[in-house]
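To keep things clear, I will list the structure first and then write my remarks on it.
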Amino acid sequence: MRKEMVTDQIMARGVHDPLVLEAMNRVERHRFVPPGWERDAYLDGPLPIGDGQTISQPYIVALMTEMARIGAKSRVLEIGTGSGYQAAVLAEIAKEVYTIEIIERLGFLARETLEQLHYRNIQLRIGDGYQGWPDAAPFDAILVTAAPSHIPPPLVDQLVMGGRLVIPVGSFYQELEVIRRTELGVEKESVIPVRFVPMTGKAQRQ
């Protein structure tokens with residue numbers, strides 16, 4: 001089922017980075033969904049994980065990972081751990097993954113799952129991801145898996161020069177955007193319309 005997911009849902013939609021495809025093939029998505037949902041883990045869509053949150057559609061996970069353009073030496077920050085699935089995909093490619101989850105219960109569950117699967121290159125923190133992870137910065141890439149209404153400035157500041165922020169932006173209507181930090185400022189590219197849960201915490205108060 002995992003191989004069919006990669007072939008039919010991901011490659012068929014234009015994701016071709018071999019590192020991303022290998023990672024999507026290796027990570028056992030059914031280990032990241034709630035009990036009773038395992039048979040649906042490889043379907044073409046998001047699934048609920050409790051607390052009003054979801055595990056993203058496999059294609060979106062693959063697309064965001066490809067857009068980040070990470071490699072074996074990359075240090076990556078993820079905002080919105082959720083089930084831990086996106087962090088696991090990133091950890092299959094990157095040297096170090098830092099991930100922040102604002103909902104305590106989900107953070108504890110994700111940590112337990114990632115530890116059971118022996119991911120040693122992931123550090124997980126419970127808290128508000130709006131400010132990023134300053135004491136671990138800078139990062140080669142930052143992925144945000146919940147949608148703020150605007151791009152959080154601290155996240156852009158924590159990118160290396162040439163680094164990429166992959167983030168859904170908007171309220172009801174959202175666009176997946178890639179923000180690249182350069183010496184002259186930032187370059188922004190809109191990729192596709194998406195639908196993510198809202199980014200909570202400080203993002204909602206700005």
Inset, instruction - Of the numbered conditions (1) open to solvent by less than 10 Å² (accessible area, probe 1.4 Å); (2) over 30 Å from Leu184 (Cα atoms), Ala147 fails exactly one; give the number of that condition. - result: (2)
Legend entry - Boolean, Leu155 is under 15 Å from the mean Cα position of the chain (by Cα), surrounded by 15 or more Cβ atoms within 10 Å (Cβ to Cβ), not aromatic (Phe, Trp, Tyr) and not in a strand (DSSP E or B): yes
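With respect to Leu43, is the statement that it is open to solvent by less than 70 Å² (accessible area, probe 1.4 Å), without any contact (Cβ under 8 Å) to a residue 60 or more places away in the chain and more than 18 Å from Leu165 (Cα to Cα) true? Give the derivation first.
On the way: open to solvent by less than 70 Å² (accessible area, probe 1.4 Å): no; without any contact (Cβ under 8 Å) to a residue 60 or more places away in the chain: yes; more than 18 Å from Leu165 (Cα to Cα): yes.
It is false that Leu43 is open to solvent by less than 70 Å² (accessible area, probe 1.4 Å), without any contact (Cβ under 8 Å) to a residue 60 or more places away in the chain and more than 18 Å from Leu165 (Cα to Cα).
Could you tell me which residue of region 158-175 is most open to solvent (accessible area, probe 1.4 Å), considering only residues that are assigned to a strand (DSSP E or B) and among the small types (Gly, Ala, Ser)? Working first, answer last.
The initial filter retains those residues of region 158-175 that are assigned to a strand (DSSP E or B), namely 159-170, 174-175.
This time we only want the ones that are among the small types (Gly, Ala, Ser), so: 162-163, 170.
Values: Gly162: 33, Gly163: 2, Gly170: 15 Å².
Residue satisfying both the conditions and the ranking: Gly162.
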Inset, instruction - Find the strands (runs of 3 or more DSSP E) located wholly in region 1-95 whose residues include 1 or more that are over 30 Å from Pro153 (Cβ atoms), and list them. - result: 47-50
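The values are calculated or read from the model by the stated rules, or taken from the named source; none is laboratory data. All values derive from a computational prediction rather than experimental measurement. We place every Cβ from the backbone using ideal geometry, glycine too, and count neighbours over all the protein chains shown. Protein only, heavy atoms only, side chains kept; ligands, DNA and RNA dropped before computing areas. Shrake-Rupley method; radii C 1.70, N 1.55, O 1.52, S 1.80 Å.
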